[in-house]
1. Where does each of 52-58, 138-144 land if you order them by average Cβ count within 10 Å, highest first?
2. What is the total of Lys pairs in the stretch 96-162 with C-alpha atoms under 23 Å apart, excluding same-chain pairs fewer than 8 positions apart?
3. Where the eigenvalues come from the Cα gyration tensor of the stretch 72-146, what are the semi-axes √(5λ) of the equivalent ellipsoid, largest first, in whole Å?
4. Taking only the alpha-carbon atoms of the stretch 49-197, what semi-axes of the equivalent ellipsoid follow from 5 times the gyration tensor eigenvalues under a square root, in whole Å, largest first?
5. Could you work out how far apart the two model spin labels at MET111 and GLU196 are, taking each label as a point 7 Å from the Cα in the direction of the beta carbon, and quote it in nm?
6. Can you find, among ALA144, VAL182, ALA195, the residue sitting farthest towards the positive end of the charge dipole of the stretch 110-206, where Lys and Arg contribute +1 and Asp and Glu -1 at Cβ?
7. Read phi for every residue in the stretch 58-65 and hand back ³J(HN,Hα) as whole Hz from Karplus 6.51 cos²θ - 1.76 cosθ + 1.60, θ = phi - 60°, with x for Gly and Pro.
8. Starting from the Cα of ALA144, step 7 Å along the direction of its Cβ; do the same at SER57; then give the gap between the two resulting points in nm.
Amino acid sequence: MFKLIVLACGLLGLLVAPVAAKSKKAVPALADQITTGAIDRAKIANDRRLNRVPSGSLIEIAFAPFPQRQAQHLVEKIIDASNVSVVIAAYQMTSKPIADALCNAAARGVMVTAVLDQRSNPHGRGNSKRDYLDACGVAVRADAKYPIMHDKFIVVDGKHVETGSFNYSFAAAERNAENAMVIWNNPDLAARYAAEFDRLFEEGVD
């Protein structure tokens, strides 16, 4: 009788063991799913926070080339925030993502105007997006008055300003040590930059 009980317990153990083993394997998988889900939710929340335009005056800064394309994304962010107008003064305009952001703004009815350095942005050749911008509805002029028209700034809706060393180029985003800064909700500063833009634009040619 005792031998039968031991044998029965042994058989029961063999039947239960695979179930237990499967259960142990399932727990880490579930934990991994929960952890991955939490990371995804945190990333989404962080992205929303980073992409939100502040209601009050605030300064945002970003650097290149690390973290990757952070400076470029900040430039795209201020352009994407536009509702009425964007003006941009650029020494180099070779960045396709930034040119696309300007074209997208123009497509949704924002008045987009650009003045570029003439020597770095010739018509019909090179990597410049001058003709690309002109074709998508951006009013573009080039300024040849100076050895280099070295400005890099954007004014959005007459109240937000982006400036810094960051050229609107692939090299600035991916290779160079650069900085970009956005000053949100500062109409007085925006007015001064807008006045300088108007002066440069008047010097430019189509």
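1. Result, highest mean Cβ count within 10 Å first: 138-144, 52-58.
2. 4
3. Details: eigenvalues 78, 29, 26 Å².
With the √(5λ) rule applied to the stretch 72-146, the semi-axes are 20, 12, 11 Å.
4. 22, 18, 15
5. 2.2 nm
6. Going by the charge dipole, the pick is ALA144.
7. 3J(HN,Hα) across the stretch 58-65, in whole Hz: 7, 10, 10, 10, 8, 10, 10, x.
8. Reported label-point gap for ALA144 and SER57 is 4.1 nm.
Every number here is computed from the coordinates shown, using simple stated rules; none is lab data. Note that the coordinates shown come from a computational prediction; the quantities given were computed from them, not determined experimentally. Cβ sites come from the backbone with ideal geometry, for glycine too, and all protein chains shown count toward neighbours.
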